[in-house]
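What follows is one structure encoded as structure tokens, with my remarks underneath.
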Amino acid sequence: MAQIIRPVAQMLILVLFISGFVIIKKRRKMVLLIKTYLIILVSFIITILIMNAVIKFLTGVPLRWSIGYNFMVGTNLKSHGVYNNKDALILGKYNYDFKKVHKESFKIAIERIKLHPKGFLKLIEEKIAILWGDETYSINWSFTQGANLKLSRNTLIKEFLIIYVQVFYLVILFFIIFGLLFSLKKDSIIISVLVFLIHFLSYFLLEVQSRYHYPAIIFLLSIAAYGMKDFKLECLKNFLKYIQRS
């Protein structure tokens, strides 16, 4: 059902499949795992078919997924891989024909990469910064929408919240990176690592927004917890060494 809202949710099934085979090593449990996977897969297919039937009945449009358009936007050097009105014109050009729009968009994206391979590599760097470097989207959105008009007029409060949210996010990122460095050998974090890798690599090609890292951060909090623990232990060890030298 999450996939209806954001198709990237289907990656969780892939993550589940891979992580299970990594974590479970006993043969008896492996048989149970395969049976469980079959049940999950069948349940997923049945759910999608039911949702598709309901949505088609209500809207007349069936569920369809394609990366063509997002791929094209994600390779736009001028817009830094972010949504832009110029790329959106292709929707009207082909009269919102799903297959035609995504097919032509895919061709344009490939051409862009072929014409500017160095520019595309630089674009990936820019997109990483956009995706992982900014946590202020929700705050800016809240003030833009004017949910609280009295609060939105207070510039000082807005600036404080923006700084607070960004610093808090950077601290979490720091502990995530620290946790990855010290916990990669632990099977228990394989799910979080796979979620991160799929997010990290897929947006090399696809359209980016700063808010797109939100789903990944939820899974990465467990790695941040490892990072906080390891960081504390490292600091304690270094402190004790300093005391001994003194």
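Residues of region 78-102 that are acidic (Asp, Glu) and in contact with an Asp or Glu (Cβ under 9 Å, 6 or more places away or on another chain): ASP87 alone. Among residues of region 189-225 being touching a residue at least 24 places away in the same chain (Cβ under 8 Å) and of a type in the set (Gly, Ala, Ser), the one that is nearest to ILE128 (Cα to Cα) is SER210.
Collect the residues in region 226-238 that are among the hydrophobic types (A, V, I, L, M, F, W, C) and either in a loop (DSSP other than H, G, I, E, B) or touching a residue at least 12 places away in the same chain (Cβ under 8 Å) (or both), keeping them in residue-number order. The answer is MET228, PHE231. Every condition in (1) open to solvent by 30 Å² or more (accessible area, probe 1.4 Å); (2) within 26 Å of TYR203 (Cβ to Cβ); (3) not in a loop (DSSP other than H, G, I, E, B) holds for ASN52 except the one numbered (2). Listed conditions (1) in a helix (DSSP H, G or I); (2) open to solvent by 60 Å² or more (accessible area, probe 1.4 Å) are all met by LEU205, apart from (1). Return the residue satisfying two criteria in turn: it lies in region 62-108 and is of a type in the set (Gly, Ala, Ser) and assigned to a helix (DSSP H, G or I), and of such residues it is surrounded by the most Cβ atoms within 10 Å (Cβ to Cβ). Among those residues, the one meeting the criterion is GLY74.
Condition check ((1) modelled with pLDDT of 80 or more; (2) within 26 Å of SER79 (Cα to Cα); (3) touching a Pro at 6+ places or on another chain (Cβ under 8 Å); (4) not basic (Lys, Arg)) across all residues:
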{"position": "PHE200", "(1), (2), (3), (4)": "yes, yes, no, yes"}
{"position": "SER210", "(1), (2), (3), (4)": "yes, yes, no, yes"}
{"position": "LEU220", "(1), (2), (3), (4)": "yes, no, no, yes"}
{"position": "GLY227", "(1), (2), (3), (4)": "yes, no, no, yes"}
{"position": "PHE231", "(1), (2), (3), (4)": "yes, no, no, yes"}
{"position": "PHE239", "(1), (2), (3), (4)": "no, no, no, yes"}
{"position": "TYR242", "(1), (2), (3), (4)": "no, no, no, yes"}
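The values are calculated or read from the model by the stated rules, or taken from the named source; none is laboratory data. Because the structure is predicted, anything quoted here is derived from the model rather than measured. Backbone-built Cβ (ideal geometry, glycine too); neighbour counts: all protein chains shown. Accessible surface areas use protein heavy atoms only, side chains included; no ligands, DNA or RNA. Shrake-Rupley method; radii C 1.70, N 1.55, O 1.52, S 1.80 Å.
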